[in-house]
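Okay, structure first, notes after.
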Amino acid sequence: MRQLIRNVRIFDGTGGASVPGAVLIEGDSIAAILPADTDATADTVIDGQGGTLMPGMVDAHTHLTWGSSVEKIYHQFILPPEELKVAAWRNARVLLDHGYTSLYSAGALGDQIEPELARAIDAGETPGPRLVPSTLERSPEGEEGVETGDVFNGRGPEAMRAFVAYCAAEGVKSLKLVISGEDALKPGSSGDILYTDEEMLAAGEAAKDAGLWIATHAYSPRAITLALEAGARILYHCSFADDAAIDAMAAKKDEIFYAPGPGVSVAALEASPPPHIDMSSMKASGAQRLELEKALVPKLKARGVRILPGGDYGFPFNPHGRNARDLEHFVTYYGFTPAEALSAATMLGGQLMGQRVGQVKAGYLADLLLIEGDPTKDIRIMQNSNKINMIMLGGKLHKAPVIQPVTA
């Protein structure tokens with residue numbers, strides 16, 4: 001089936017200016033980028049009515065089992081297993097509804113949920129974005145309120161190898177290692193190092209052998225070094241990076257991705273919890289991190305490190321569906337232009353996914369959005385799902401605009 005999307009301005013994901021044009025799609029892929037006045041034939045024609053055609057967005061730091069979304073807020077963090085699955089399935093669809101066509105998981109609150117969800121999405125059994133699935137975030141301390149076995153928190157190199165083997169067997173593609181503590185939950189713990197050098201190296205070797213990626217929660221310079229030495233694909237936070245850590249990240253700029261995650265910090269500072277909810281540590285941590293990242297992120301960007309949006313959405317004060325706020329945060333706090341923020345969420349996100357996504361380019365999968373307006377001029381448009389007139393995933397319409405059938 002050939003589909004033609006015409007009368008659009010194309011933002012191709014690279015960060016360049018939007019240009020008039022048309023896009024021809026065959027099956028699940030983009031066949032050609034055509035001039036605006038093309039006379040190409042197709043089975044179906046979509047008139048973009050002057051809107052912006054752009055790649056679907058990628059969230060680089062997704063927690064689908066963090067239950068809250070704009071459609072349903074949970075006031076407890078840990079959910080019963082059956083509700084956890086319902087929430088994850090719902091959140092995948094909510095993110096697709098808001099223009100996210102690919103997700104890179106940063107860990108789950110339940111085992112085996114995300115590999116099952118990824119298979120269901122691939123089979124067309126439930127709507128959702130492309131998903132790089134993970135499992136429980138691994139920490140030697142375990143996660144408060146989450147029941148884990150030794151495979152998730154055992155100590156020593158062999159325990160790490162066993163964890164990687166477990167992930168490979170259940171269909172995980174990226175495993176999450178918590179190397180630093182978390183000030184927002186335990187004040188003063190961001191400098192704690194939770195793994196030994198030997199454990200991290202064993203995990204890195206085993207993941208490489210198994211063809212798996214590693215995502216890391218790392219705040220301090222030492223945690224960043226451990227992540228890099230283990231061959232981590234993506235590093236989260238890194239707020240306390242010093243000059244040596246910046247140098248180390250820049251030296252591996254072609255191998256790593258970095259997602260600072262401003263979303264949760266900004267949302268925590270904005271939150272007005274009821275009197276019985278104490279968010280003081282989370283607010284203090286958020287304020288400190290944002291201040292540090294205002295200086296850090298531009299330095300890493302100038303050194304060529306690939307910096308991606310994705311901000312720990314899923315808390316009741318920071319629900320799924322608000323993820324595109326990160327793009328505005330990149331502009332407001334880190335000095336990105338709107339086009340640079342969009343490129344980070346599309347082209348760079350596609351590189352993180354390791355798939356033919358994130359660009360409007362011949363040969364790439366037809367994961368496309370049609371936006372009413374120009375987000376390269378006003379990045380806040382991306383936060384309004386009503387302005388997303390079309391959502392296409394692999395050539396199939398999840399949200400359809402006005403379509404003109406072609407008659408003989």
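Nearest 500 deg cm²/dmol is fine: what mean residue ellipticity at 222 nm does the chain get from its DSSP H runs of n ≥ 4 alone, each adding -39,500 (n - 2.57), divided by its residue count? It would help to have the intermediate numbers written out before the result.
Values: 12 runs with 134 residues, N = 408.
Mean residue ellipticity, 222 nm, calculated: -10000 deg cm²/dmol.
Once you place label points 7 Å from the Cα toward the Cβ at residue 295 and residue 28, how far apart are they in nm?
4.7 nm
Give me the lysines in straight-line cross-link reach of residue 283: C-alpha distance below 17 Å, same-chain residues under 8 apart excluded.
List returned: 186, 294.
Under a 1.4 angstrom probe, counting protein chains only, how are 325, 222 ranked by accessible area, largest first?
On the way: 325 30, 222 95 Å².
So the residues, ranked largest to smallest area, are 222, 325.
Would you kindly compute the Cα radius of gyration of region 45-124 and its largest Cα-Cα separation (Dmax), both in Å?
14.6, 47
Give the ranking of 150, 243 by solvent-accessible surface, highest area first, calculated with a 1.4 Å probe.
150, 243
Across every pair of different alpha-carbon atoms, what Kirkwood hydrodynamic radius in Å does region 131-227 reach? Write down the numbers at each step before the final one.
On the way: mean 1/r = 0.0746 Å⁻¹.
Value: 13.4 Å, from the Cα pair sum.
What nm value, rounded to one decimal, do you get for the distance between residue 196 and residue 162 when each label is placed 7 Å out toward the C-beta?
1.5 nm
Remind me, relative contact order of region 300-351 in percent, using alpha carbon pairs under 8 angstrom and six or more residues apart? Present the calculation step by step, with values, prior to reporting the outcome.
Working: 36 pairs, mean separation 19.4, N = 52.
Reported as a whole number, the value is 37 percent.
Working out 0.36 nm times the residue gap between residue 123 and residue 49, then minus their Cα-Cα distance, what length gain in nm do you get to one decimal? The partial results should precede the final answer.
Numbers: separation 74, 0.36 × 74 = 26.64 nm, distance 3.28 nm.
So the chain would gain 23.4 nm between residue 123 and residue 49.
Pairing the Cα long axis of helix 197-210 with the longest principal axis of the chain, what angle in degrees results, from 0 to 90 and rounded to the nearest 10?
40 degrees
Show me the GluC sites (Glu not before Pro) within region 145-224 that DSSP assigns to loop and that have at most 12 other Cβ atoms within 10 Å of their Cβ. Show your work: numbers first, answer last.
Working: sites: 147, 158, 170, 182, 198, 199, 205; in loops: 147, 182.
Taking region 145-224 and a limit of 12 other Cβ atoms within 10 Å, the loop GluC sites (Glu not before Pro) found are 147.
Counting every Cα pair in the chain, what percent are over 31 Å apart?
Numbers: 29771 of 83028 pairs.
Cα-Cα pairs of the chain separated by over 31 Å account for 36 percent.
Please express the Cα-Cα pair-distance distribution P(r) of region 298-408 as a list of whole percents, one per 10 Å bin, running from 0 to the bin with the greatest distance.
13, 38, 36, 9, 2, 0
Could you give each residue of region 53-68 its phi-based ³J(HN,Hα) in whole Hz, using Karplus coefficients 6.51, -1.76, 1.60 with θ = phi - 60°, and x for Gly or Pro?
Here the 3J(HN,Hα) series is 9, 9, x, x, 8, 10, 9, 8, 8, 9, 10, 5, 8, 7, x, 6 Hz.
Given the whole protein assembly as supplied and a 1.4 Å probe, what does the accessible area of residue 312 come to in Å², nearest 10?
In the full protein context, residue 312 sits at about 20 Å².
Subtract the Cα-Cα distance of residue 247 and residue 271 from 0.36 nm times their separation in residues, and report this length gain in nm to one decimal. Intermediate results must be reported in sequence, preceding the final value.
Numbers: separation 24, 0.36 × 24 = 8.64 nm, distance 3.52 nm.
Net length gain for the segment: 5.1 nm.
Given H placed on each backbone N at 1.01 Å, which residues far from residue 192 in sequence or on other chains put an amide H within less than 5 Å of it?
Distant-sequence amide H within range of residue 192: 181.
With θ set to phi - 60°, apply the Karplus curve 6.51 cos²θ - 1.76 cosθ + 1.60 along region 224-236 and write out the HN-Hα couplings as whole Hz, x wherever there is a Gly or Pro.
4, 4, 4, 4, 5, 5, 7, x, 4, 7, 9, 10, 9
For a 21 Å ceiling on Cα separation, which of these pairs sit above it: 253/301; 72/176; 85/387; 85/173; 176/361?
Numbers: 253/301 10 Å; 72/176 26 Å; 85/387 29 Å; 85/173 19 Å; 176/361 31 Å.
In this structure, 72/176; 85/387; 176/361 lie more than 21 Å apart at Cα.
At 0.36 nm per residue, minus the direct Cα-Cα distance, what do residue 396 and residue 86 gain on full extension? Give it in nm, one decimal, please. If you can, show how the numbers build up before the last one.
On the way: separation 310, 0.36 × 310 = 111.60 nm, distance 2.42 nm.
Value of the extension gain: 109.2 nm.
Let me know the charge dipole size of the chain about its Cα centre in debye, to the nearest 20, where only the beta-carbon of Lys, Arg (+1) and Asp, Glu (-1) is charged.
Values: 36 positive and 51 negative charges, 205 e Å.
Charge dipole, the chain, about its Cα centre: 980 debye, nearest 20.
For the chain, what is the accessible area per residue in Å², given a 1.4 Å probe and the full set of protein chains?
Values: 15790 Å² over 408 residues.
Accessible surface, normalised per residue, equals 39 Å².
Count the DSSP beta bridges whose two residues both fall in the chain, then state the antiparallel fraction as a percent rounded to the nearest 5.
Working: 29 of 59 bridges.
Bridges in the chain that DSSP calls antiparallel: roughly 50 percent.
Give the ranking of 213, 66, 89 by solvent-accessible surface, highest area first, calculated with a 1.4 Å probe. Spell out each step's value before the answer.
Details: 213 75, 66 20, 89 50 Å².
From most accessible down to least: 213, 89, 66.
The values are calculated or read from the model by the stated rules, or taken from the named source; none is laboratory data. Values in this document were obtained by computation on a predicted structure and should not be read as measured data. Cβ atoms come from the backbone with ideal geometry, glycine included; neighbour counts cover every protein chain shown. Quick note on the areas: whole protein, heavy atoms, side chains included, nothing else; ligands and nucleic acids left out. Shrake-Rupley method; radii C 1.70, N 1.55, O 1.52, S 1.80 Å.
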